[in-house]
Amino acid sequence: MAEKYPNVYYPIPAKVIDIIDETPTIKTYKLKLDEPFTFRAGQFVQLTVPGYGEAPFTPSSRPGTTDTIEITILEAGRLTSILHKETKVGDVLGIRGPFGKGYPLDKFKGHEVLIIGGGVGLAPLRSCLYALFDNIDDYKRISIKYGARTPKDHVFRYQYEEWEKMPKTDLALTVDNPYPGWSGTVGVVTVLLDNLDVNIED
Ligand SMILES: Cc1cc2nc3c(=O)[nH]c(=O)nc-3n(C[C@H](O)[C@H](O)[C@H](O)COP(=O)(O)OP(=O)(O)OC[C@H]3O[C@@H](n4cnc5c(N)ncnc54)[C@H](O)[C@@H]3O)c2cc1C
């Protein structure tokens, strides 16, 4: 069957079917694609907002899912402000790509995998996590270290319990400064690397 959108210069229409408020400045957009779309964890796409332009983002969703894609976006400047303030469920955006090589997941096989992220930086890493979880037997361990300014700035909070229940997986969180009600680690994400129990040689 011929593809409707035959090259990477043609944005595939992508309808917004859900918008999740992750933090005060970050939202996840779930898009339904007009034709199947595949990407590898770590590859990026160009997201078009018709009439305004496009910008690069790395999907935060499961790489094997071809009919929908999720993109987690920090409000940074012109285009991302349009997305945050004006885009609503039902609007049609565009997706071009994928571009880039993605994470070298094959090289991780048989090893301990250390994932370190801060703020919106966990967004592209979530697609990596999905790929690792889907083949968990291939890896010795998955250790996630994640930091944000405050507990309210931690993205994907609703998934942490599920991640911690995954075999061979551990998750450590931090916030930059003391925060009312937060009894966990304080300091930028690198404090989680003090006394690291991951075998770096591996
Ligand atoms: C490969 C790749 C993957 C990416 N993946 C993601 C992702 O998954 N999620 C994500 O959130 N981002 C991601 N980004 C970053 C994202 O592409 C940019 O945030 C986006 O292009 C910004 O577009 P914009 O038009 O909103 O900002 P622009 O208007 O182009 O502004 C860009 C920069 O200028 C600053 N700026 C804008 N206006 C002002 C002003 N008035 N005063 C001071 N500073 C200002 C902004 O703070 C911003 O840092 C990725 C980038 C790349 C290259």
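The values are calculated or read from the model by the stated rules, or taken from the named source; none is laboratory data. Please read these numbers as outputs of a predicted model, since none were measured by experiment. Glycine also receives a Cβ, built like all others from the backbone with ideal geometry; neighbour counts cover every protein chain displayed. To get the accessible areas, we keep the full protein, side chains included, count just its heavy atoms, and leave off ligands, DNA and RNA. Shrake-Rupley method; radii C 1.70, N 1.55, O 1.52, S 1.80 Å.
Taking the DSSP bridge list for the chain and keeping only pairs wholly inside it, about 65 percent are antiparallel.
On the basis of the beta-carbon distance and an R0 of 41 Å, K101 and N195 show a calculated FRET efficiency of 0.80.
Each stretch of four or more DSSP H residues adds -39500 (n - 2.57); spread over every residue of the chain, this sum gives -4000 deg cm²/dmol at 222 nm.
Surface analysis of the chain yields an accessible area of 52 Å² per residue, using protein heavy atoms and a 1.4 Å probe. Between helix 122-134 and the chain there is an angle of about 80 degrees, using the helix long axis and the longest principal axis of the Cα atoms. Here the calculated FRET efficiency for Y9 and R78, from their Cβ-Cβ distance with R0 = 25 Å, stands at 0.70, rounded to the nearest 0.05. Taking only the C-alpha atoms of the stretch 1-131, the Rg (one decimal) and the largest Cα-Cα distance, Dmax (whole number), read 14.7, 47 Å.
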